[in-house]
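Engineer: The structure follows.
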Amino acid sequence: MENNGHEHVIEVTDLRRVYGGGFEAVSGISFSVRRGEIFALLGTNGAGKTSTVEVLEGLAAPADGRVRVLGHDPYTDRALVRPRTGVMLQEGGFPSELTVAETARMWAGCVSGARPPAEVLALVGLESKAGTRVKQLSGGQRRRLDLALALLGDPEVLFLDEPTTGLDAEGRRDTWELVSALRDGGTTVLLTTHYLEEAENLADRLAIMHEGRIANTGTPAEVTAAEPSRISFELPEGYFAGDLPPLGELGVTGHETDGRIIRLRTHELQRTATGLLMWAAQAQVELRRLDVRSASLEEAFLGIAREASGERATTTKEYAA
């Protein structure tokens, strides 16, 4: 891959995107993506992430602001940028009567310096389906074909829009390994995903969008750092919440009770857990149903959603894209 000297291969400065009628889908956001980095763009429903990615892919011009991909404006310099990027859309829309191999060969004819179709089909585990018609593929297999075609041009920058939707657990893990290997080989990846676990596992850095703005950005660890860790347990028989050590001395920032279940929130998980277990040992009691967990990206995301809506959200593994 050519190195054009730009540390940041994607640069977005004060980007705005406005639709007909004056609706502002993206409201002056700024972020950058370094070469050889996986950057995840997450968002609440209608956050503006798709509108942002379409500008980066050169499919639309910004209403205001500056966007550069590989040092060029992806819209006005599309001929310079497009051959060096790969795009995996949510829906490929391939001719259903063509076989997988025919589809890959057809697409290779539209790509400068295309890799051998058989090579990219093997990368995504579709070599055994080369003779199968597209209409006979499962939803997960079609997503693999979408990814294979995005890789035909050996792109420097890869845009992945919900890459593992429809895949089973094994297929999702295989895709994660492939995307990580591409990153390790120098490919820059901008990812949108429906799965918070996916962003947490793959992304070097991420941004969470809400209502056209970036609500939080950083590494997954940095984004989750503001959220408290949690400890829950069942009070031993004959004990009450008042029998516990002073919670403030344990570093607890908040707590709640549900019958005999105690839930603690803390930003000092080791200190809190150690103090609690030492108390239990000294009292010679067992803390049943003990659950200790660090803050997660899921909690950070839902915290933004709750703050925006003013409502208490129910924890879930997925959110509306």
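The values are calculated or read from the model by the stated rules, or taken from the named source; none is laboratory data. Keep in mind the model is a prediction, meaning the values are calculated, not measured. So basically every Cβ, Gly included, is an ideal-geometry build from the backbone, and we count neighbours across all protein chains shown. Accessible surface is based on the protein model in full, side chains and every heavy atom, while ligands, DNA and RNA are left aside. Shrake-Rupley method; radii C 1.70, N 1.55, O 1.52, S 1.80 Å.
Engineer: If you scan the range 117-139, which residues turn out to be within 21 Å of residue 179 (Cβ to Cβ), open to solvent by less than 40 Å² (accessible area, probe 1.4 Å) and not small (Gly, Ala, Ser)? I'd like the intermediate steps shown before the answer.
Structural biologist: Restricting attention to the range 117-139, the residues satisfying the condition of being within 21 Å of residue 179 (Cβ to Cβ) are 117-127, 129, 137-139.
Within this subset, residues satisfying the condition of being open to solvent by less than 40 Å² (accessible area, probe 1.4 Å) are 117, 120-121, 124-126, 137.
If the condition is that a residue be within 21 Å of residue 179 (Cβ to Cβ), open to solvent by less than 40 Å² (accessible area, probe 1.4 Å) and not small (Gly, Ala, Ser), then 117, 120, 121, 124, 126, 137 are the ones that fit.
Engineer: Taking residue 147 as the residue in question, decide whether it is more than 30 Å from residue 306 (Cβ to Cβ) and surrounded by fewer than 19 Cβ atoms within 10 Å (Cβ to Cβ).
Structural biologist: no
Engineer: Exactly one of these conditions fails for residue 40: (1) assigned by the TED database to the domain that holds residue 145; (2) open to solvent by 10 Å² or more (accessible area, probe 1.4 Å); (3) of a type in the set (A, V, I, L, M, F, W, C). Give me its number.
Structural biologist: The number of the failed condition is (2).
Engineer: Please work out which residue is farthest from residue 228 (Cα to Cα), limiting yourself to the range 240-257 and to residues that are open to solvent by 60 Å² or more (accessible area, probe 1.4 Å) and assigned to a loop (DSSP other than H, G, I, E, B).
Structural biologist: Going through the qualifying residues, I end up with 240.
Engineer: For residue 280, state whether it is over 26 Å from residue 226 (Cα atoms) and either open to solvent by less than 80 Å² (accessible area, probe 1.4 Å) or in contact with a Gly (Cβ under 9 Å, 6 or more places away or on another chain) (or both).
Structural biologist: Yes, satisfied.
Engineer: So residue 113 fits all but one of (1) of a type in the set (Gly, Ala, Ser); (2) surrounded by 22 or more Cβ atoms within 10 Å (Cβ to Cβ); (3) at pLDDT below 90; what number is the exception?
Structural biologist: Answer for residue 113: the failing condition is (2).
Engineer: Looking at the range 150-174 only, could you name the residues that are aliphatic (A, V, I, L, M) and either under 27 Å from residue 33 (Cα atoms) or open to solvent by less than 50 Å² (accessible area, probe 1.4 Å) (or both)?
Structural biologist: Within the range 150-174, 150, 151, 152, 157, 158, 160, 167 qualify.
Engineer: From the list 47, 60, pick out the single residue that is open to solvent by less than 60 Å² (accessible area, probe 1.4 Å), in contact with a His (Cβ under 9 Å, 6 or more places away or on another chain) and of a type in the set (A, V, I, L, M, F, W, C).
Structural biologist: 47
Engineer: What are the residue pairs meeting all of these: first residue in the range 128-143, first residue touching a residue at least 40 places away in the same chain (Cβ under 8 Å), second residue surrounded by fewer than 11 Cβ atoms within 10 Å (Cβ to Cβ), Cβ atoms under 8 Å, and 6 or more apart or on different chains?
Structural biologist: That search, which allows pairs on different chains as well, returns 134/97.
Engineer: Name the single residue, out of those in the range 258-272 being over 17 Å from residue 226 (Cα atoms) and part of a strand (DSSP E or B), that is least open to solvent (accessible area, probe 1.4 Å).
Structural biologist: 262
Engineer: Same structure, new question: Between a first residue in the range 254-275 that is within 13 Å of residue 241 (Cβ to Cβ) and a second residue that is of a type in the set (Lys, Arg), which pairs have beta carbons less than 6 Å apart while being 6 or more apart in sequence or on different chains?
Structural biologist: Hits for this filter: 256/263.
Engineer: Quickly run through the range 181-212 and pick out the residues that are open to solvent by 30 Å² or more (accessible area, probe 1.4 Å) and either over 17 Å from residue 157 (Cβ atoms) or not aliphatic (A, V, I, L, M) (or both).
Structural biologist: Hits for the range 181-212 are 183, 184, 185, 194, 195, 197, 200, 201, 204, 205, 210, 211.
Engineer: Could you pull out every one of the helices (runs of 4 or more DSSP H) wholly within the range 1-120 that has 2 or more residues that are under 19 Å from residue 149 (Cβ atoms) and under 21 Å from the mean Cα position of the chain (by Cα)?
Structural biologist: 49-56
Engineer: Let me ask something additional. Pairs, please: C-beta under 9 Å, at least 6 apart or cross-chain, first residue on the phi < 0 side of the Ramachandran plot and in contact (Cβ under 8 Å) with a residue 12 or more places away in the chain and in the range 54-78, second among the aromatic types (Phe, Trp, Tyr) and part of a strand (DSSP E or B)?
Structural biologist: 56/159; 57/159
Engineer: Now a separate question. Among the residues of the range 213-228, which ones are buried (at least 21 other Cβ atoms within 10 Å of the Cβ) and touching a helix residue (DSSP H, G or I) at 6+ places or on another chain (Cβ under 7 Å)?
Structural biologist: Listed by number, the residues that qualify are 215, 223, 224.
Engineer: How many residues are open to solvent by 80 Å² or more (accessible area, probe 1.4 Å) and not hydrophobic (A, V, I, L, M, F, W, C) when one looks only at the range 70-88?
Structural biologist: Just the residues of the range 70-88 that are open to solvent by 80 Å² or more (accessible area, probe 1.4 Å), to begin with: 75-76, 78-80, 82.
Among the residues that remain, those that are also not hydrophobic (A, V, I, L, M, F, W, C) are: 75-76, 78, 82.
Result for the range 70-88: 4.
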